[in-house]
Amino acid sequence: LPTITFWALLGFLLIGCSSSQLTGPEKPYRDNAERLIGKESSLVIYRVKSDGDDEKAPSIWIDNRVLGALLPGQYIQNILCEGPHKIGLSKNGAAIEQNLSVSSVPGQTLYMQVRQVSSGGFILDYSPREDARKALEKLKYQSHLINRNQPDCNAVIADAPPAPVLL
């Protein structure tokens with residue numbers, strides 16, 4: 001009987017602490033431009049609260065790596081290394097439907113907005129800094145996926161040839 005009580009209590013706690021919507025940590029947007037060093041730039045992608053369906057979260061990709069997924073009222077912030085990149089968008093984790101080519105400049109922040117269109121799909125578009133900053137002030141959550149794309153833009157890459165191997 002004690003085992004049944006434990007599992008019943010655990011089930012009650014899990015159900016009581018769950019919600020119907022996955023959200024990231026409650027974290028207001030903060031500009032990270034002053035923390036950028038060397039060849040780093042910042043990318044901020046957001047989706048306003050009033051944008052479409054609360055159940056659909058398009059996936060955001062950088063150079064064919066998943067960055068996160070955005071429900072209305074969420075944002076993603078990531079470091080980009082200097083140079084060209086492909087920012088992609090896919091619906092429900094499927095194949096990338098939209099790819100934008102961007103070129104990042106050290107020390108700058110690039111803002112992009114995800115919007116749901118009437119057909120149910122999504123589009124990704126550049127956003128002027130002033131518009132983005134105004135929208136980001138009202139957002140509290142980051143993507144509900146963990147961003148594992150943390151590039152090291154300032155790593156020193158040796159150009160020396162590999163050492164010979166003794167046989």
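Bridgeable aspartates and glutamates around Lys91 (alpha carbons under 20 Å apart, same-chain partners fewer than 8 residues away excluded): Asp51, Asp53, Asp54, Glu55, Asp63, Asp125. Taking the protein heavy atoms of the range 72-116 in the context of the full set of protein chains, the accessible area attributed to carbon and sulfur is 49 percent at 1.4 Å. Ordered by solvent-accessible area of protein heavy atoms (1.4 Å probe), largest first, the residues Glu82, Glu40 come out as Glu82, Glu40.
Solvent-accessible area per residue in the range 93-146 equals 60 Å², computed with a 1.4 angstrom probe and all protein chains kept. In summary, the lysines within cross-link reach of Lys140, defined as a Cα separation below 20 angstrom excluding same-chain residues under 8 places away, comprise Lys27, Lys49, Lys56.
The values are calculated or read from the model by the stated rules, or taken from the named source; none is laboratory data. These numbers come from a predicted model, not from an experiment. Only protein heavy atoms, including side chains, enter the accessible area calculation; ligands, DNA and RNA are left aside. Shrake-Rupley method; radii C 1.70, N 1.55, O 1.52, S 1.80 Å.
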